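Enquirer: Below is a structure I'd like to ask you about.
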Amino acid sequence: MNRLFKTNIAYIPPLEAKTLSLSALLLAMDVVLYKLAFGPPYFQVSFGFLSMALMGYLYGPIWAGFLEILSSAINSTLFGTGNFHPIFLITAFLGGAINGLFLYHSQVRLRNVFFAQFLILLVVSLIMNSWFISIVYKADFFAVFWGRSLRNAFLLPIHTYLGHAFLKTLENRRIFHNL
């Protein structure tokens, strides 16, 4: 397929045992990978984006977005860091949906991974999350925005390279070929 993303973006997989069990496995993987982070608290890097990309690759935007909402709620419930607000579920859904939009059942290409990560880091993480943080915590939007911009600029090539390598490895080994 030579398109940037698939046309059937509203696809929801049938709720069969295989779909639900793999979704639960990906959800658990997502929760664990988001907790495995390194770096100082203000500049932490985690690997949760890999499971989010895999959800989008396998299940498309709607189901991946739904799984990200569940992951965010589970993370806040189990490891409550005091920063949960329902408004952040919007950005959780959009992160999964954008990955699904660009990666769903298509051949893994560097440009698709780059555009997905670019939109997630710029629109969702930098703009929307900064805006939501400024609303919820009554902080200055521009202070939050500029504080997060350097981190996201640093993360874009890392997320793009690791995401592409991870998905390409799974694709080449045909692990999810029969799903």
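The values are calculated or read from the model by the stated rules, or taken from the named source; none is laboratory data. From a predicted model like this one, the values you see are computed outputs, not experimental measurements. Backbone-built Cβ (ideal geometry, glycine too); neighbour counts: all protein chains shown.
Enquirer: Does residue 163 fit the bill of being modelled with pLDDT under 90 and over 23 Å from residue 12 (Cβ atoms)?
Expert: So residue 163 fails the test.
Enquirer: Just give me the residues in segment 122-145 being exposed (fewer than 13 other Cβ atoms within 10 Å of the Cβ) and not hydrophobic (A, V, I, L, M, F, W, C), in sequence order.
Expert: 137, 138, 140 - these are the residues of segment 122-145 that are exposed (fewer than 13 other Cβ atoms within 10 Å of the Cβ) and not hydrophobic (A, V, I, L, M, F, W, C).
Enquirer: Here are some residues: 45, 113, 31. Which one is of a type in the set (Val, Ile, Thr) and more than 13 Å from the chain's Cα centre (by Cα)?
Expert: That would be 45, the only listed residue that is of a type in the set (Val, Ile, Thr) and more than 13 Å from the chain's Cα centre (by Cα).
Enquirer: Just for helices (runs of 4 or more DSSP H) wholly inside segment 80-175: which have at least 3 residues that are in contact (Cβ under 8 Å) with a residue 12 or more places away in the chain and within 18 Å of residue 68 (Cβ to Cβ)?
Expert: Fully inside segment 80-175 and qualifying: 88-103, 110-119, 141-172.
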